[in-house]
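Student: Would you mind keeping the following structure in view while I ask a few things?
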């Protein structure tokens, strides 16, 4: 089944009310999608490297939120719509198909926001949620460290209580949009003598404008500057920035990663990444010729494309399948815990295959007038490495599945 056939199948399931809502979303997109700004827009939120791009995307996110198509299922009293999540899913699907610009504040919209809604205090909800949706308050994540990227339990950034403040010392790396962020979800060590290293960690909703917090940009493989390294040098933040209690940081961080990995719902919605679907790859196979014939005529190519189509359809059907107990009885958590691994690895392989179809042209990048589709696929392939690393590498995800789904021992 092609992606378009899948969409038709699901549209037919819309009630009259939902179908009317879908038409309204389409009409709004048609009349409100901004024109080409004349500069390269990011495919993901990990590529926002300039004030020019930031302001364009901030204006767009605010426009989507003001129209009611972002945060639709978040509480109304905190800037959301208070509506059924199904409406947000419809709005998201139509925006993805229309390839509108991304809603850039992903760490707030997808991780910090849901965490605050589910576990935060009334003060935290009142203080943080509306600014996340409007795009006014940008959030970043302070988990990974230069020497402890995949081993969060060993992080060394310290947070020491001093009256009504915490003094922070240490550094974090791969801080997406750290140079633009107003707040950080920060994991730091408050107890160096805890019997278990995990029990010595605490979780903070930290301001980024405190004295002693500085950032340094990191250039990516694509040439963009979406990441920074963040340094804390005797930085003082208010004690009320602590989320939960001291020593609960590991539990809260693991909950946050559940949102990041797609195992827990709650994200505000919007387009977070310009995705590539199989219809895009099929277009490449039709447009690119080899020996005077479209690649689609090659039986080996067709066979490979069909395999990708089957895998893509399985990804689309995973979420509804999770709601049918009989289809998940053997390993009830397998789909939720494997969604991040399956999705990011599928798109990595699919984008890599798109380059192999281009032959020698695969070496051409953005800016080369002869690049296939302007070098979109080359850029998308290199960007995909961020998703196979962020939120826990593919190897870490495989360990999680082995331990928590298959019951294999850690050693």
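The values are calculated or read from the model by the stated rules, or taken from the named source; none is laboratory data. Keep in mind that this is a model prediction, so the values were computed, not measured. With ideal geometry, Cβ positions are generated from the backbone for all residues, glycine too; neighbour counts draw on all protein chains shown.
Student: Of these, 353, 381, 365, which one is more than 28 Å from residue 111 (Cβ to Cβ), outside the structural domain of residue 144 (by TED's automatic domain parsing), without any contact (Cβ under 8 Å) to a residue 40 or more places away in the chain and surrounded by 14 or more Cβ atoms within 10 Å (Cβ to Cβ)?
Tutor: On the way: 353 fails: without any contact (Cβ under 8 Å) to a residue 40 or more places away in the chain; 381 fails: more than 28 Å from residue 111 (Cβ to Cβ).
Unique residue meeting the criteria: 365.
Student: Let me ask another. Could you list, in sequence order, the residues of the range 123-135 that are surrounded by fewer than 20 Cβ atoms within 10 Å (Cβ to Cβ) and either more than 24 Å from residue 45 (Cα to Cα) or touching a residue at least 40 places away in the same chain (Cβ under 8 Å) (or both)? Please lay out each step first, then the result.
Tutor: Filtering the range 123-135 down to residues surrounded by fewer than 20 Cβ atoms within 10 Å (Cβ to Cβ) leaves 123-127, 130-131, 134.
Result: 123, 124, 125, 126, 130, 131, 134.
Student: For the range 197-227, enumerate the residues that are closer than 23 Å to residue 257 by Cβ, under 24 Å from the mean Cα position of the chain (by Cα) and not in a loop (DSSP other than H, G, I, E, B).
Tutor: Residues satisfying the conditions are 202, 203, 204, 205, 206, 207, 215, 218, 227.
Student: Another question, then. Please find, among 406, 309, the residue that is touching a residue at least 24 places away in the same chain (Cβ under 8 Å), more than 23 Å from residue 266 (Cβ to Cβ) and assigned to a loop (DSSP other than H, G, I, E, B). Spell out how you get there, then give the answer.
Tutor: Details: 309 fails: assigned to a loop (DSSP other than H, G, I, E, B).
Going through 406, 309 in turn, the sole match is 406.
Student: Scan 253, 267, 235, 194 and give me the residue that is buried (at least 17 other Cβ atoms within 10 Å of the Cβ) and part of a loop (DSSP other than H, G, I, E, B).
Tutor: 267
Per-residue answers, yes or no, for (1) touching a residue at least 60 places away in the same chain (Cβ under 8 Å); (2) buried (at least 23 other Cβ atoms within 10 Å of the Cβ):
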{"position": "35", "(1), (2)": "no, no"}
{"position": "65", "(1), (2)": "yes, yes"}
{"position": "82", "(1), (2)": "no, no"}
{"position": "86", "(1), (2)": "yes, no"}
{"position": "99", "(1), (2)": "yes, no"}
{"position": "137", "(1), (2)": "no, no"}
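Student: So residue 46 fits all but one of (1) touching a helix residue (DSSP H, G or I) at 6+ places or on another chain (Cβ under 8 Å); (2) under 16 Å from residue 135 (Cβ atoms); what number is the exception?
Tutor: (2)
Results for (1) in a loop (DSSP other than H, G, I, E, B); (2) within 19 Å of residue 258 (Cβ to Cβ), shown as yes or no for each residue.
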position	(1), (2)
52	no, no
59	no, no
62	no, no
77	no, no
83	yes, no
102	yes, no
114	no, yes
133	no, no
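Student: In the range 85-100, which residues are assigned to a helix (DSSP H, G or I) and farther than 27 Å from residue 254 by Cα? Can you show your working first?
Tutor: The initial filter retains those residues of the range 85-100 that are assigned to a helix (DSSP H, G or I), namely 85-98.
Within the range 85-100, 87, 90, 91, 93, 94, 95, 96, 97, 98 qualify.
Student: On to the next question. Would you be able to tell me the number of residues in the range 191-206 that are at pLDDT 90 or above, within 11 Å of residue 247 (Cβ to Cβ) and touching a strand residue (DSSP E or B) at 6+ places or on another chain (Cβ under 9 Å)?
Tutor: 5
Student: Applying the selection to the range 322-348, what residues are free of Cβ contacts under 8 Å to residues at least 40 places away in the same chain and part of a helix (DSSP H, G or I)?
Tutor: Step one: filter the range 322-348 for residues free of Cβ contacts under 8 Å to residues at least 40 places away in the same chain, giving 322-330, 332, 335, 342, 346.
If the condition is that a residue be free of Cβ contacts under 8 Å to residues at least 40 places away in the same chain and part of a helix (DSSP H, G or I), then 322, 325, 326, 327, 335, 342, 346 are the ones that fit.
Student: Considering every residue within the range 294-309, establish whether at least one is touching a strand residue (DSSP E or B) at 6+ places or on another chain (Cβ under 8 Å) and over 30 Å from residue 219 (Cα atoms). Outline the logic, then answer.
Tutor: Restricting attention to the range 294-309, the residues satisfying the condition of being touching a strand residue (DSSP E or B) at 6+ places or on another chain (Cβ under 8 Å) are 295, 298.
Checking which are over 30 Å from residue 219 (Cα atoms) leaves us with 295, 298.
For the range 294-309, residues touching a strand residue (DSSP E or B) at 6+ places or on another chain (Cβ under 8 Å) and over 30 Å from residue 219 (Cα atoms): present.
Student: Hey, among 179, 209, which residue is out of contact with any strand residue (DSSP E or B) (no Cβ under 9 Å at 6 or more places or on another chain) and either closer than 15 Å to residue 112 by Cβ or surrounded by fewer than 23 Cβ atoms within 10 Å (Cβ to Cβ) (or both)? Let's see the steps before the verdict.
Tutor: Details: 179 fails: out of contact with any strand residue (DSSP E or B) (no Cβ under 9 Å at 6 or more places or on another chain).
Being out of contact with any strand residue (DSSP E or B) (no Cβ under 9 Å at 6 or more places or on another chain) and either closer than 15 Å to residue 112 by Cβ or surrounded by fewer than 23 Cβ atoms within 10 Å (Cβ to Cβ) (or both) holds for just one of 179, 209, which is 209.
Student: Same structure, new question: What about residue 70, is it assigned to a loop (DSSP other than H, G, I, E, B) and touching a helix residue (DSSP H, G or I) at 6+ places or on another chain (Cβ under 7 Å)? Spell out the reasoning first.
Tutor: Numbers: assigned to a loop (DSSP other than H, G, I, E, B): yes; touching a helix residue (DSSP H, G or I) at 6+ places or on another chain (Cβ under 7 Å): yes.
Answer is yes for this residue.
Student: Here's a follow-up. For the range 156-175, which residues satisfy the criterion of being part of a strand (DSSP E or B), in contact with a strand residue (DSSP E or B) (Cβ under 6 Å, 6 or more places away or on another chain), surrounded by fewer than 24 Cβ atoms within 10 Å (Cβ to Cβ) and at negative phi?
Tutor: 158, 160, 165, 167, 169, 171, 173 - these are the residues of the range 156-175 that are part of a strand (DSSP E or B), in contact with a strand residue (DSSP E or B) (Cβ under 6 Å, 6 or more places away or on another chain), surrounded by fewer than 24 Cβ atoms within 10 Å (Cβ to Cβ) and at negative phi.
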